[in-house]
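One structure is given below, encoded as structure tokens.
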Amino acid sequence: MSLVATRFAPSPTGPLHIGGVRTALFNWLFSKNNKGKFYLRIEDTDKERSKDEYKNQIIQSLKWIGINYDGKEYIQSKNIDKHKEIAEELLKKDYAYKCYCSEKEIEEQRVKAKKSPNVISPFTIFEPPTPIIVTAAHPNSRAADPFISPVAVNDLFTFWKSFSTPPSKTFTS
């Protein structure tokens, strides 16, 4: 049997609240019940809202309630170069693409997507405009999806509905 590893990944944009404690406790109990590892990953990539005081409060609160994580805490912002490297690799393999949409175009697509019966989560999914007119100096990278290509995801996590469209890309590890 493989080792169970769980993690708690709070964003230090405010104090730890009861919902975060519940998630951390469930993951900690699950990993320890399975003789596994429990990791703490601080999601501090939102530089505008993340604060060290909240990060410290989260770490101290977990210790105070007895939820001890294995090893050191992982700070996401310290891995930003690795994230950029992976993003470049995804772009190179056509698993992602550069989006030159303006904020206004993204908002229009978000409104349109919310009205779509194919959107089954609060996250928005939309196709990029065709043809793409380059208007932005700094494009955003968007994820390509194996079921619909191309697709832009306006969030970090998406729950995909099964589509009858055949995959256009084969993802391999």
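The values are calculated or read from the model by the stated rules, or taken from the named source; none is laboratory data. Predicted model only: the values in this text are computed from it and were never measured. When we count neighbours, we look across all protein chains shown, and the Cβ atoms used for this are built from the backbone with ideal geometry, even at glycine. Quick note on the areas: whole protein, heavy atoms, side chains included, nothing else; ligands and nucleic acids left out. Shrake-Rupley method; radii C 1.70, N 1.55, O 1.52, S 1.80 Å.
In this structure, the amide hydrogen of ILE42, modeled 1.01 Å from its nitrogen in the peptide plane, lies closer than 5 angstrom to those of TYR74, ILE75, GLN76, counting only residues at least 5 positions away or on a different chain. What do you get for trypsin sites (Lys or Arg not before Pro) in the range 1-78 restricted to DSSP loop and a cutoff of at most 11 other Cβ within 10 Å of the site's Cβ? When the trypsin sites (Lys or Arg not before Pro) of the range 1-78 are filtered for loop state and at most 11 Cβ neighbours within 10 Å, LYS35, LYS47, ARG49, LYS72 remain. When THR45, THR13, THR6 are compared by accessible area at a 1.4 angstrom probe, the order from most to least is THR45, THR13, THR6. Normalising by residue count, the range 1-56 has a Cα convex hull of 71 Å³ per residue. Projected onto planes of every orientation and averaged, the convex hull of the alpha-carbon atoms in the range 53-118 covers 8.8 nm². Restricting the range 1-70 to GluC sites (Glu not before Pro) that sit in a DSSP loop and have at most 11 other Cβ atoms within 10 Å of their own Cβ leaves GLU48.
Looking at ALA87, ILE106, TRP28, which one has the Cα that reaches farthest to the positive end of the dipole of the range 1-120 (charges on Cβ: Lys, Arg +1; Asp, Glu -1)? Most positive-ward Cα: TRP28. Summarising the amide proton neighbourhood of ARG7: residues at separation of 5 or more, or on other chains, whose placed amide H is nearer than 5 Å comprise TYR39.
The overall shape of the range 1-99, judged from the alpha-carbon gyration tensor, is oblate: a/c is not under 1.5, and a/b is no greater than b/c. Counting only lysines at least 8 places from LYS55 when in the same chain, those with an alpha carbon closer than 29 Å to its own are LYS32, LYS35, LYS37, LYS47, LYS63, LYS72, LYS78, LYS82, LYS84.
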